[in-house]
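Below: the structure, in structure tokens.
The values are calculated or read from the model by the stated rules, or taken from the named source; none is laboratory data. This is a predicted model, so every value here is computed, not measured. Cβ sites come from the backbone with ideal geometry, for glycine too, and all protein chains shown count toward neighbours. The protein model used for the area step is the full one, side chains on, heavy atoms only, and it has no ligands, DNA or RNA in it. Shrake-Rupley method; radii C 1.70, N 1.55, O 1.52, S 1.80 Å.
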Amino acid sequence: MLDLKEIRKNPDFFNKKLSDRNSKVDLKVLLELDKKNRELLTEKEKLEQEKKTISQKKDKSLFERSKKISIEIDEFSKKQTKTKNQIDTILNSLPNLAHDDVPVGSNETHNKEIKKVGEVPKFTFKTLSHSELGKKIGQMDFDMATKTSGARFVFLKDKLALLERAISNFMLDVHTKEFGYQEISPPLIVTDETMYGTGQLPKFESDQFEIKLEDDQSRKFLIPTAEVILTNMVRDSFLKKEDLPLRLVASTACFRKEAGSYGKDTKGMIRQHQFYKVELVSLVDPKNSLEELERMTNCAQEILKRLNLPYRVVLLCTGDMGFSAEKTYDLEVWIPSENKYREISSCSSCGQFQSRRMKAKFKNNNKDSVFLGTLNGSGLAIGRTLIAIMENYQQKDGSIIIPEVLRPYMDNKDRIS
RNA sequence: GGAGGGGUGGCUGAGCGGUUGAAAGCAUCGGUCUUGAAAACCGACAAUGGGGCAACUCAUUCGUGGGUUCGAAUCCCACCCCCUCCGCCA
């Protein structure tokens, strides 16, 4: 959520920054509602003051007046609540502003490649896609998943199942032991408030899996990413300055409807309803947000480097960033079967956008309470890492060499076949 | 599933119809003392929103939402959450 006070002070600036983000909103409407809201508040408060005075005087002759005031207050209050709700609806629909060093552009063609790392492999034989490889070795089964669960699911078996687990453990070990992230094993089901806190609701409800629980009036959802629950751990709370930066990592399943992507990436396990991901979250003094973003991106890159996977770093433009982000780096890994780089991690700084929604603060040195800076990034997506390893490490006979760093996690074997 | 107890400020915890925004303690900050630190003592210390764009001032907030009352943290109703005992399942 953007800061209404700041919008009030500088509407032109916000108008420009929002249009950079493809957000067509007329802030005039918002500001008029804001003005109306404050007028109603003032009226209401005047009446409340009078009522308070009467009750303190305990003068019976004024009691009738007080009753009338209560009714008037009620009327103002209803109007004011309605106006406030309209304001919130608009405010909730506005994306975060992009940081100044984010390139302005309407779509992914305006993203800026920062660097390429590693050599794209040159094969001397006809390569297979991960799904072809998986079928060939009999350890990846989409048909079985279709039978049991429907489209966009997969079964992994034997060594591929172990590989998935190995990737997860390897990543967790690096992030916890070397980069100082605290490991968390969180719930995978969250309340609607939690989904609201990180911005999945109300705007992106159609991509979320909702769960029905008996006798429970609140709505519950499967997490689309661990970002949701890790970040919301600090919702409605005050952290101490010495708690920061708070760095968290979790390896979880993620669930997405992928509504609106029908016909996109339908073959293989690039885009599934359920996938696993190692997620990094940092909660920081907002002054350090961008610095932390660089650090986090480096942590994620380190995984790719150690797996010896060719990748590139892309700075997303204003039009391609997620709703809550102020600046985002995507890491894209080389996928031979598609002959292109595909997203395997997305690291974002959200500034104070999420913490303002979540009411997550800390006291700084001047003992002012300040909204936290929040960041999240994949470190990395496990399914796509598995794909990348299969395809980049494939051999002529269809076997797959296991990257050295993973072998300790795979019974010290050096290949899958 | 049965029976009880409770949710109050950053934390612990009093208050149970009227200057209570809320005692006390802890934590934090400032000061005295000290070569420095600790201890001791003195003082400050809620959040959010409105107006003044500063001193300041007004309103709201005691799990959430309703209700009773001139007036509610305090009484009533519903819901959420936590704890203890019994039963049940591991």
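For Cα pairs less than 8 Å apart in space and 6+ apart in sequence, what is the mean separation divided by the residue count of chain A, i.e. the relative contact order in percent? Reported relative contact order: 20 percent. What separates the Cα centres of region A:85-99 and region A:189-240 is a distance of 18 Å.
Pairwise over distinct Cα atoms, reciprocal of the mean inverse distance: report the Kirkwood radius of region A:4-93 in Å, one decimal place. Please report the intermediate quantities before stating the final value.
Details: mean 1/r = 0.0657 Å⁻¹.
Mean inverse Cα-Cα distance, inverted, gives 15.2 Å.
Go through region A:249-331 and name the chymotrypsin sites (Phe, Trp or Tyr not before Pro) that are in a DSSP coil and have 10 or fewer other Cβ atoms within 10 Å of their Cβ. Can you show the working numbers first?
Values: sites: A:F255, A:Y262, A:F275, A:Y276, A:Y311, A:F323, A:Y329; in loops: A:Y262, A:F323.
Sparse-neighbourhood loop chymotrypsin sites (Phe, Trp or Tyr not before Pro): A:Y262.
A simple spin-label model places pseudo-atoms 7 Å from Cα toward Cβ; at A:D101 and A:S417 they are separated by 4.9 nm. Pairs exceeding a 24 Å alpha-carbon distance, out of A:K17/A:K340; A:K9/A:K35; A:K57/A:K84; A:K212/A:K267; A:K35/A:K79: A:K17/A:K340; A:K57/A:K84; A:K212/A:K267. What the Cα convex hull of chain A gives, in volume per residue, is 174 Å³.
For A:H130, A:H110, A:H99, A:H273, give me the order by solvent-accessible area with a 1.4 Å probe, most accessible first, ignoring ligands, DNA and RNA. Don't jump to the answer; show the numbers that get you there.
On the way: A:H130 10, A:H110 80, A:H99 60, A:H273 35 Å².
If we order A:H130, A:H110, A:H99, A:H273 from most to least accessible, we get A:H110, A:H99, A:H273, A:H130.
Hydrodynamic estimate: the Kirkwood radius of region A:157-202 over Cα pairs, inserted into Stokes-Einstein at 37 °C and 0.692 mPa s, corresponds to D of 249 µm²/s. Structural descriptor for region A:131-210: relative contact order 15 percent, calculated from alpha carbon pairs under 8 angstrom and at least 6 residues apart.
Considering only alpha-carbon pairs that sit under 8 angstrom and 6 or more positions apart, the relative contact order computed for region A:242-329 is 27 percent.
Order A:9-19, A:86-96 from most to least packed using the mean count of other Cβ atoms within 10 Å.
Working: A:9-19: 14.5, A:86-96: 17.4.
In descending order of packing, they fall as A:86-96, A:9-19.
Taking the accessible area of chain A, probe 1.4 Å, and keeping the other protein chains in place, the carbon and sulfur fraction comes to 47%.
At a 10 angstrom cut-off on C-beta neighbours, averaged per residue, how do the peptides A:43-51, A:235-243, A:375-383 rank from highest to lowest?
Values: A:43-51: 15.4, A:235-243: 12.1, A:375-383: 27.2.
Sorting A:43-51, A:235-243, A:375-383 by mean packing, highest first, produces A:375-383, A:43-51, A:235-243.
Net length available on complete extension from A:K157 to A:K57 is 28.2 nm, with 0.36 nm assigned per residue and the Cα-Cα distance removed. Summed over the residues of chain A and divided among them, the accessible surface reaches 51 Å² per residue at a probe radius of 1.4 Å.
Would you tally the net charge around A:E258, using a Cβ to Cβ cut-off of less than 11 Å, leaving A:E258 out, and scoring K and R as +1, D and E as -1? Write down the numbers at each step before the final one.
Details: positive: A:R152, A:R256, A:K257, A:K264, A:R271; negative: A:D207, A:D265.
Taking every Cβ under 11 Å from that of A:E258, the sum is +3.
Modelled spin labels at A:S149 and A:E404, positioned 7 Å past Cα toward Cβ, are 3.5 nm from each other.
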